[in-house]
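Heads up, the thing below is written out as structure tokens.
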Amino acid sequence: MPGLEAEHWKIEDLDFSRIALDKVRPDENLFYLVTSASFIESGSDLYTHNLVDFFRGDDEVTDWLSNYWEPEELQHGQALRAYVRHVWPEFEWDTAYRGFLEEYATYCKVELLAPTRALEMTARCVVETGTATYYRAMARATDEPVLHDLATRIATDEVNHYKHFYRFFRRYREQEKLSRFRVVGTIGRRTLELKSEDADCAIRHVVKARAPHRADDTAYVQQLSARMNSTIRTNLSAGSTLKMLMRPLELPARVQTVIQYPIKQFMQHVFLR
Ligand SMILES: [Fe+2]
Ligand SMILES: [Fe+2]
């Protein structure tokens with residue numbers, strides 16, 4: 001495990017001078033996708049403390065969270081912010097982010113964590129599936145080479161995070177003798193929540209700075225977020241997302257084939273708004 005993470009990429013590995021501005025600067029939809037992701041990633045440290053508290057005593061988990069997970073998530077935020085600054089320098093990132101953070105901090109509460117450690121690990125698997133899906137879709141949605149490169153690197157990290165959380169999940173599931181029923185409940189609930197509060201909060205604050213006169217225009221903000229969801233949906237690789245979501249259920253292959261269709265419908269519904 002440490003061997004893999006030791007070679008983690010750096011922001012300097014990205015060549016911002018290669019950005020094909022004409023392919024990305026006029027695309028407002030990409031602007032919103034990249035900028036709202038940069039906000040949520042940059043706020044990762046708020047969440048890390050809650051998780052570290054929740055898993056206190058389990059050094060393997062808390063060490064990984066503090067030494068790998070948090071720095072990597074924060075790096076995602078920094079890299080995305082650097083990209084935004086290169087392509088849309090007129091956007092006042094710091095001011096907008098401050099507003100976002102003030103509101104976002106009220107969402108990251110310990111009581112929002114799942115009731116048991118195994119279920120929280122399930123929820124983390126769903127969240128990492130969501131972010132991996134988002135960045136894979138972002139990479140597919142653009143032919144701008146630097147953004148494609150960045151989104152691909154981040155997606156790889158998110159899959160790697162998923163793998164760690166999944167391994168921890170198995171350990172806790174064993175200890176807690178957790179039923180599949182409860183795991184399904186958590187997966188379902190968290191999948192529905194994937195695009196909700198965090199994303200909405202980020203989009204609203206990006207709009208506030210980008211188009212202040214539209215900040216209170218709920219219809220406009222909804223339209224933006226619908227367009228963003230549609231980009232994710234059309235570029236979604238449903239197969240790998242499904243596989244990741246279903247893995248914690250540890251179902252026999254036969255059963256997996258049977259429930260694949262309803263879950264796929266469910267996923268479509270989630271990104272349909
Ligand atoms: Fe991330
Ligand atoms: Fe992640």
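The values are calculated or read from the model by the stated rules, or taken from the named source; none is laboratory data. Quick caveat, the model's predicted, so the values are computed rather than measured. When we count neighbours, we look across all protein chains shown, and the Cβ atoms used for this are built from the backbone with ideal geometry, even at glycine. The protein model used for the area step is the full one, side chains on, heavy atoms only, and it has no ligands, DNA or RNA in it. Shrake-Rupley method; radii C 1.70, N 1.55, O 1.52, S 1.80 Å.
When you go through 140, 153 one by one, which is the residue that is more than 12 Å from ligand 1 (Cβ to nearest atom), within 30 Å of residue 209 (Cβ to Cβ) and out of contact with any helix residue (DSSP H, G or I) (no Cβ under 6 Å at 6 or more places or on another chain)?
After ruling out the rest, the residue left standing is 140.
I'd like to check which helices (runs of 4 or more DSSP H) are fully inside region 1-66 and have at least 2 residues that are crowded, with 16+ Cβ neighbours inside 10 Å, modelled with pLDDT of 95 or more and not aliphatic (A, V, I, L, M).
Per the criteria, 28-42, 59-64.
I need the full set of residues from region 116-159 which are of a type in the set (S, T, N, Q) and either in contact with a His (Cβ under 8 Å, 6 or more places away or on another chain) or under 28 Å from residue 17 (Cα atoms) (or both), in order please.
Listed by number, the residues that qualify are 131, 133, 142, 152, 156.
In region 72-89, which residue that is surrounded by 17 or more Cβ atoms within 10 Å (Cβ to Cβ) and within 12 Å of ligand 2 (Cβ to nearest atom) is farthest from residue 102 (Cα to Cα)?
The extreme case among them is 72.
Kindly list, by first and then second residue, each pair from a residue in region 236-261 that is closer than 16 Å to residue 173 by Cβ and modelled with pLDDT of 75 or more to a residue that is part of a helix (DSSP H, G or I) and open to solvent by 50 Å² or more (accessible area, probe 1.4 Å), limited to pairs with Cβ atoms under 6 Å and residues at least 6 apart or on different chains.
From region 236-261, the pairs are 249/180.
Any residue in region 208-221 that's touching a residue at least 12 places away in the same chain (Cβ under 8 Å): show its pairings with residues that are part of a helix (DSSP H, G or I) and open to solvent by less than 70 Å² (accessible area, probe 1.4 Å) at Cβ separation under 6 Å, as long as the two are six or more apart or on different chains.
Here the result reads 209/96; 221/207, each pair linking region 208-221 to a residue that is part of a helix (DSSP H, G or I) and open to solvent by less than 70 Å² (accessible area, probe 1.4 Å).
Which residues, counting only those in region 70-108, are over 17 Å from residue 201 (Cα atoms), away from ligand 1 (no atom under 16 Å from the Cβ) and free of Cβ contacts under 8 Å to residues at least 40 places away in the same chain?
Listed by number, the residues that qualify are 85, 89, 90.
All but one of (1) open to solvent by less than 80 Å² (accessible area, probe 1.4 Å); (2) away from ligand 2 (no atom under 16 Å from the Cβ) hold for residue 213, so report the exception by its number.
Every condition holds for residue 213 apart from (1).
Can residue 116 be described as polar (S, T, N, Q), surrounded by 13 or more Cβ atoms within 10 Å (Cβ to Cβ) and away from ligand 1 (no atom under 16 Å from the Cβ)?
When the stated conditions are applied, residue 116 passes them.
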